[in-house]
Amino acid sequence: MNLDKRQKILVGALLGIFLLWQGSGVLWSIFFGPFDQRNTQIVALDEQLKKKKDAKFQLDLTAARTRIWERRSLPPSADIASPLYHHWVLDLASKHHLEKLVVTPKRLSTGITSQVFTRIPISVTAECKMDQLCQFLYDFYRTDLLHKVTHLGVESLDFKANPTLKVSLELEGLSLKSAPVRTTLFAGKQETAVTDAMKQKSLDDYKSLSAANRFVRGYNGPPKPPTPPAPPGPPPTPFDSAPFTKLIGAVETEGLPAEAWLYDQSSNQRTVLTAGKDFEVAGVKGSVLEIGNRFIILKVKDKEWRLEMGDNLKQMTEIKPAAPATTPPASTPAAELPMKPPA
């Protein structure tokens, strides 16, 4: 079939388009493949550079923190750091007048970290008020040393407000091996140093802790209601604390008189009763007849009353005297019974 010139051009164009369609991938890889490979390498190198920058930033940050820790560290020699830290804790506790104070150095702790740091532990036991404990802890945390409180135990010794507290503390300082060699507790030959975090804090920021009275043993009880202004006429009825006065304990000790404890929740006061002695509490006056394991027997107004553990004075129950036993009528002997008349 003879094709004219126009048809030959169309056939050639179609063949060219077909070859381009089928061979575009080959042509692209030949002419543009090197550019794609270079772009991929650039992206990978940028990612590696970003990771190295992040690693360097973390390394610089760690180095800066290490310099701060070395400045706050106890002396690098544990033999020097331990007595210095011990005497500093003793002076700080004595400054705040902690009573029955015992400051004891404990065995140094190194373990697998002996090439990095040594723990310098100190144990403290004392008796003090809540405000004294707050002042001690405020100065302890305010001091710019690498140390912390690892344990704090507080026990109330009184039943009244603002009781005396029995305190046990476990303190721990760190001695970094990389810290500059020195024979003083603080770096730079200074006697004291304040942490950056506590420079803006004052002791008044912690007044609420001592005002909260959190360590009173037992229950403080409802406050005494305020006395309203006296209206004209008869005087108001005095406050009756008997419903708030409960039996909270009874103790029997061999060789000693038994004791019982009455606790007035309204005034936070405790009264000790002794078997065989008189008492007067919450408007109730009488004598103690018996103290049992979970009850007491009282004599009030010539009557005997029983008060159970946990009950208040209004819940006493009167002990009724036992009714006298009735004697059954004597039976008549059979010989004295009338004989049945014969039929």
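The listed residues are 126, 78, and the only one of them that is in contact (Cβ under 8 Å) with a residue 40 or more places away in the chain and under 25 Å from residue 210 (Cβ atoms) turns out to be 126. Based on what the data block shows, is residue 293 under 22 Å from residue 239 (Cβ atoms) and either at pLDDT below 85 or not aliphatic (A, V, I, L, M) (or both)? Spelling it out, it is not the case that residue 293 is under 22 Å from residue 239 (Cβ atoms) and either at pLDDT below 85 or not aliphatic (A, V, I, L, M) (or both). Look through the stretch 84-109, keep the residues that are closer than 14 Å to residue 169 by Cβ, of a type outside the set (A, V, I, L, M, F, W, C) and part of a strand (DSSP E or B), and return whichever of them is most open to solvent (accessible area, probe 1.4 Å). Taking the candidates together, the pick is 100. Is it fair to say residue 133 is outside any strand (DSSP E or B), in contact (Cβ under 8 Å) with a residue 12 or more places away in the chain and within 21 Å of the chain's Cα centre (by Cα)? Taking the combined requirement at face value, the residue satisfies it. Of everything in the stretch 156-176, what is of a type outside the set (Val, Ile, Thr) and modelled with pLDDT of 90 or more? Give them in sequence order. Residues satisfying the conditions are 165, 166, 168, 169, 170, 171, 172, 173, 174, 175, 176. No other residue among 197, 179 is assigned to a helix (DSSP H, G or I), among the hydrophobic types (A, V, I, L, M, F, W, C) and within 26 Å of residue 70 (Cβ to Cβ) apart from 197. Residue count for the stretch 136-177, restricted to those that are touching a residue at least 60 places away in the same chain (Cβ under 8 Å), over 19 Å from residue 191 (Cα atoms) and of a type in the set (S, T, N, Q): 1. Restricting the first member to the stretch 247-260 and to residues that are farther than 21 Å from residue 314 by Cα and open to solvent by less than 80 Å² (accessible area, probe 1.4 Å), and the second to residues that are charged (D, E, K, R) and modelled with pLDDT of 75 or more, the beta-carbon pairs closer than 6 Å and six or more apart or on different chains are 251/259.
Here is a check on your reading of the model: is residue 168 among the small types (Gly, Ala, Ser), part of a strand (DSSP E or B), out of contact with any helix residue (DSSP H, G or I) (no Cβ under 6 Å at 6 or more places or on another chain) and open to solvent by less than 30 Å² (accessible area, probe 1.4 Å)? The answer is no for residue 168.
Looking across the stretch 261-286, the residues that are surrounded by 16 or more Cβ atoms within 10 Å (Cβ to Cβ), over 37 Å from the mean Cα position of the chain (by Cα) and not aromatic (Phe, Trp, Tyr) come down to 275, 284, 286. Test residue 121 against the criterion of being surrounded by 15 or more Cβ atoms within 10 Å (Cβ to Cβ) and assigned to a loop (DSSP other than H, G, I, E, B), and give yes or no. So residue 121 fails the test.
The values are calculated or read from the model by the stated rules, or taken from the named source; none is laboratory data. What you see is a predicted model, and the numbers here were worked out from it, not measured in a lab. As a convention, Cβ positions derive from the backbone with ideal geometry for all residues, glycine included, and neighbour counts pool all protein chains shown. Keep in mind that these areas ignore ligands, DNA and RNA; they rest on the heavy atoms of the full protein, side chains included. Shrake-Rupley method; radii C 1.70, N 1.55, O 1.52, S 1.80 Å.
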